Structure formats: structure tokens, C-alpha cells
1. Helix 50-64 versus the longest principal axis of the chain: what is the Cα-based angle in degrees, 0 to 90, to the nearest 10?
2. Just grab the label-to-label distance for LEU61 and HIS38, each label 7 Å out from Cα along the Cβ direction, in nm (one decimal).
3. What are the ³J(HN,Hα) couplings of segment 15-28, residue after residue, when phi is run through the Karplus curve with 6.51, -1.76, 1.60 and θ = phi - 60°? Round to Hz, x for glycine and proline.
4. Of all the accessible heavy-atom surface of the chain, with the other protein chains kept in place and a 1.4 Å probe, what percent is carbon and sulfur?
5. State the label only: which of (1) -0.39, -0.51, -0.71, -0.83; (2) -0.47, -0.58, -0.72, -0.80; (3) -0.34, -0.46, -0.67, -0.82 corresponds to log10 I(q)/I(0) by the Debye sum over Cα atoms at q = 0.12, 0.14, 0.17, 0.19 Å⁻¹ computed from the shown model?
6. Positive end of the dipole of segment 1-53, charges at C-beta (+1 Lys, Arg; -1 Asp, Glu), about the Cα centre: which of THR30, VAL45, TYR6 has its Cα farthest in that direction?
7. Would you mind checking which residues have amide H under 5 Å from THR30's amide H? H placed 1.01 Å from N; only 5 or more apart, or other chain.
8. Can you send over the solvent-accessible area of SER27, 1.4 Å probe, protein chains only, in Å² to the nearest 10?
Amino acid sequence: MNPSSYDYVEVGACQNRIGGARLDAASGETLGVENPRHGRSMGQVAMSDARDVQAAVDDWLAVEGDGGS
């Protein structure tokens with residue numbers, strides 16, 4: 001089935017993608033995302049914080065280097 005923009009679609013849980021891996025937020029917290037048209041929860045997203053940002057930056061630096069600085 002190919003849903004139209006009017007169909008209700010449940011997405012489920014969305015995680016961070018760091019270093020090619022899908023990871024929960026370091027805090028373990030999530031936020032529900034509601035479909036306003038249907039008034040129903042579509043799923044959950046990771047509530048990232050500074051630890052998740054730092055993990056992503058560290059991974060990027062390990063792959064790309066420091067840019068010569």
C-alpha cells in the first residue's frame with residue numbers, strides 16, 4: 001500500500017544515527033510526536049542532549065580528522 005498524505009501512518013521509534021549505528025539518546029528520554037490531522041501519536045523521537053552531540057562530533061572527527069588545525 002502506498003499511503004497518501006491524508007492516511008494515518010505510525011512511524012514508531014526514531015533513534016539517533018551516530019557512526020552508522022542507530023542509538024537511543026544517552027538520557028534514554030523520548031518525545032512523542034502527534035499527527036495533528038488525526039490527533040494520534042505517530043511515534044517517539046530520541047531526546048538528544050549534549051552527550052549525543054559530542055558523540056556525533058567525536059565520531060566525525062575520528063573519520064574526517066581535525067581539518068588540519
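The values are calculated or read from the model by the stated rules, or taken from the named source; none is laboratory data. Computed from a predicted model, the values in this text were never measured in an experiment. All Cβ positions, even for glycine, are placed from backbone atoms using ideal geometry, and neighbour counts span all protein chains on display. What goes into the accessible areas is simple: the full protein's heavy atoms, side chains included, and nothing from ligands, DNA or RNA. Shrake-Rupley method; radii C 1.70, N 1.55, O 1.52, S 1.80 Å.
1. Result, in degrees: 60.
2. Simple spin-label model gives 4.3 nm for this pair.
3. Calculated HN-Hα couplings, in order: 10, 6, 10, 10, x, x, 10, 8, 10, 5, 4, 4, 6, x Hz.
4. Carbon and sulfur atoms account for 52 percent of the accessible area of the chain.
5. (2)
6. The one lying farthest along the dipole's positive direction is TYR6.
7. HN-HN under 5 Å from THR30: MET47.
8. Result for SER27: roughly 40 Å² accessible.
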